[in-house]
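*Asks:* Starting off with a structure, shown below.
The numbers here are math on the coordinates, done by the rules we state, and not lab data. Being a predicted model, the structure only gives us computed values, none of them experimental. With ideal geometry, Cβ positions are generated from the backbone for all residues, glycine too; neighbour counts draw on all protein chains shown.
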Amino acid sequence: MEQRLQQAVSNKLKDIFQRDSQQEAPVVQSVSLFFWQNLIRWVHHIANVPAPFTIALSGPSGCGKSFIREKLVYELSKVSEVSAFTQDNYYRDFEADFPHLPLERFYDEIDFDDPAHIRFLYLGRDLERLRRQTLGHSIKIPRLRFGTPTRKPTILENDTELKVTPFVITEGIHAFYEASILPHYDFKIYVDVDEHTRRARWLERNRLENRGTTDNMWNTTVECLNNHLLPGRALADLVINNNVPREQVTQFLQDVVQALAAPLMAAQKEIA
């Protein structure tokens with residue numbers, strides 16, 4: 001039964017990728033050499049393992065990770081419970097750690113894209129707790145209160161309740177940076193976008209959310225991409241191009257989710 005299911009999912013995904021490759025601008029930029037081998041494990045996990053199937057998204061600030069996360073949540077929620085969180089919640093508490101740095105200098109001096117500012121130990125702990133906790137239960141995680149031009153960023157500890165569901169989506173610029181975190185992910189997606197588009201999206205997001213848009217803040221995202229993110233790009237199971245029209249990306253994600261969710265639906269029918 002499971003072997004037939006694996007073959008069916010594989011055929012479906014190959015068909016999706018083939019149709020995508022015929023587009024003028026495909027969504028798929030690259031697929032891991034181990035993608036099809038990993039598929040056997042993914043199908044088994046989704047159909048049999050009573051623990052969250054974790055999908056992790058990485059990519060530079062402004063690439064569209066939140067958009068992809070929201071679309072994945074929307075599509076997966078049609079067939080299963082799903083939870084999501086951003087790894088921004090695992091930043092250090094800048095307000096507490098830099099009390100003597102004046103606000104007028106703060107955004108010109110702090111490199112928010114430095115991975116040293118991420119509390120990977122806490123992130124790994126919570127990802128492990130997610131996997132060990134019974135489905136339907138919840139864990140408490142921190143929440144980042146974003147800074148504004150008049151306020152430094154702050155971490156609110158144990159502020160958010162995250163439900164343990166069959167699928168969990170997580171995203172962060174440094175999601176693939178720390179080697180000890182990688183085993184907690186089942187499926188890894190890197191979101192690519194050209195620099196002009198990324199800057200426009202970054203500026204618009206920061207303007208709408210009143211986060212500030214100093215030259216230093218933008219320059220650190222560029223340095224981060226070159227120094228920390230591009231090396232981790234090769235770790236992704238799938239690299240997608242977020243320059244293409246959003247409707248095209250949405251349709252692709254819908255098709256992929258339906259294929260990956262097939263083992264879960266088959267297992268539910270078997271139980272029924």
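*Asks:* So if we plug the beta-carbon distance of LYS12 and ARG119 into 1/(1 + (r/R0)^6) with R0 = 22 Å, what FRET efficiency do we get, rounded to 0.05?
*Replies:* Given R0 = 22 Å and the Cβ-Cβ separation, E is 0.05.
*Asks:* Then there's this: Can you list the chymotrypsin sites (Phe, Trp or Tyr not before Pro) in region 2-60 that are in a DSSP coil and have 14 or fewer other beta carbons within 10 angstrom?
*Replies:* Counting only loop positions with at most 14 other Cβ atoms within 10 Å, the chymotrypsin sites (Phe, Trp or Tyr not before Pro) in region 2-60 are PHE34.
*Asks:* Let me ask another. Let me know the charge dipole size of the chain about its Cα centre in debye, to the nearest 20, where only the beta-carbon of Lys, Arg (+1) and Asp, Glu (-1) is charged.
*Replies:* It works out to roughly 720 debye.
*Asks:* Here's a follow-up. With a cut-off of at most 14 other beta carbons within 10 Å, and DSSP calling the residue loop, which GluC sites (Glu not before Pro) in region 152-245 qualify? Please list them.
*Replies:* Sparse-neighbourhood loop GluC sites (Glu not before Pro): GLU209.
*Asks:* OK, next. Suppose every K and R has +1 on its Cβ and every D and E has -1 on its Cβ; what is the size of the dipole of region 1-103 about the Cα centre, in Debye to the nearest 20?
*Replies:* 480
*Asks:* Based on the Cα coordinates of region 1-134, what is the per residue volume of their convex hull in Å³?
*Replies:* Residue-normalised Cα hull volume stands at 169 Å³.
*Asks:* While we're looking at this one, here's another question. What is the set of long-range amide H partners of TYR91 at a cut-off below 5 Å, with H atoms built 1.01 Å from backbone N?
*Replies:* Residues meeting the amide H criterion: ARG119.
*Asks:* DSSP beta bridges in the chain, what fraction antiparallel, as a percent rounded to 5? Mind dumping the intermediate values first?
*Replies:* Working: 12 of 30 bridges.
That works out to approximately 40 percent antiparallel.
*Asks:* Let me ask another. Pick the calculated volume of the Cα convex hull per residue in Å³ for this structure from (i) 136; (ii) 123; (iii) 153?
*Replies:* The value computed from this structure is option (ii).
*Asks:* Calculated from DSSP H runs of 4 or more alone, at -39500 (n - 2.57) each and per residue, what is the 222 nm mean residue ellipticity of the chain, nearest 500?
*Replies:* It lands at -14500 deg cm²/dmol.
*Asks:* Distance between Cα centroids, region 228-252 to region 80-106: provide it in whole Å.
*Replies:* If we compute the Cα centre of each part, the gap is 25 Å.
*Asks:* With labels modelled as points extended 7 Å from the Cα through the Cβ direction, what inter-label distance (nm, one decimal) is found for HIS44 paired with ASN226?
*Replies:* A separation of 4.3 nm, rounded to one decimal place.
*Asks:* With +1 on each Lys and Arg Cβ and -1 on each Asp and Glu Cβ, how big is the dipole of region 133-208 about its Cα centre, in debye rounded to the nearest 20?
*Replies:* Dipole about the Cα centre, nearest 20: 420 debye.
*Asks:* Decide, for region 66-178, between rounded, prolate and oblate: order the square roots of the alpha carbon gyration tensor eigenvalues as a ≥ b ≥ c, take rounded if a/c falls under 1.5, and otherwise choose prolate if a/b is larger than b/c, else oblate.
*Replies:* Taking the square roots of the gyration eigenvalues as a ≥ b ≥ c, region 66-178 is prolate.
*Asks:* Which angle from 0 to 90°, rounded to the nearest 10, does the C-alpha axis of helix 65-76 make with the longest principal axis of the chain?
*Replies:* Tilt relative to the chain: about 30 degrees.
*Asks:* Between HIS196 and ASN219, what is the FRET efficiency for a Förster distance of 22 Å, r being their Cβ-Cβ separation, to the nearest 0.05?
*Replies:* 0.90
*Asks:* Going through the cross-link list LYS71/LYS152; LYS14/LYS163; LYS14/LYS140; LYS152/LYS188; LYS65/LYS152, which pairs have a Cα-Cα distance over 28 Å in this structure?
*Replies:* Beyond 28 Å: LYS71/LYS152; LYS14/LYS163; LYS14/LYS140; LYS152/LYS188.
*Asks:* Still on this structure: What residue among GLN23, GLN87, GLN133 shows peak mean-square fluctuation when the chain is described by a Gaussian network model with Cα springs under 10 Å?
*Replies:* Sorting by GNM fluctuation, first place goes to GLN23.
*Asks:* So, R0 is 35 Å and r is the distance between the beta-carbons of ARG151 and ALA51; what FRET efficiency does that work out to, to 0.05?
*Replies:* The value I calculate is 0.35.
*Asks:* Give me the percent relative contact order of the chain, please, defined on Cα pairs under 8 angstrom at least 6 residues apart.
*Replies:* Taking the mean separation of contacting Cα pairs over the length of the chain, I get 34 percent.
*Asks:* For LYS78, give me every one of the aspartates and glutamates with a C-alpha distance below 20 angstrom, ignoring sequence neighbours fewer than eight places off in its own chain.
*Replies:* Hits, sequence-local ones excluded: GLU70, GLU247, ASP255, GLU270.
*Asks:* Now for a separate question. Just need the relative contact order of region 1-141 here, percent rounded to a whole number, with Cα pairs under 8 Å and 6+ apart.
*Replies:* 24
*Asks:* Still on this structure, please answer the following. Collect residues whose amide H, placed 1.01 Å from N in the peptide plane, falls under 5 Å from the amide H of ALA84; neighbours closer than 5 in sequence don't count.
*Replies:* Amide H to amide H, under 5 Å and 5 or more residues apart or across chains, ALA84 pairs with ILE169.
*Asks:* Still on this structure, I have one more. Through the Karplus equation 6.51 cos²θ - 1.76 cosθ + 1.60, θ set to phi - 60°, convert the phi angles of region 28-37 into ³J(HN,Hα) values in whole Hz; use x for Gly and Pro.
*Replies:* For region 28-37, the Karplus curve yields 7, 8, 7, 10, 4, 4, 9, 4, 6, 5 Hz.
*Asks:* Say the dipole of region 82-159 comes from +1 at the beta carbon of Lys and Arg and -1 at that of Asp and Glu; which of TYR107, PRO142, ALA96 then lies farthest toward its positive end?
*Replies:* Result: PRO142, furthest along the dipole toward the positive end.
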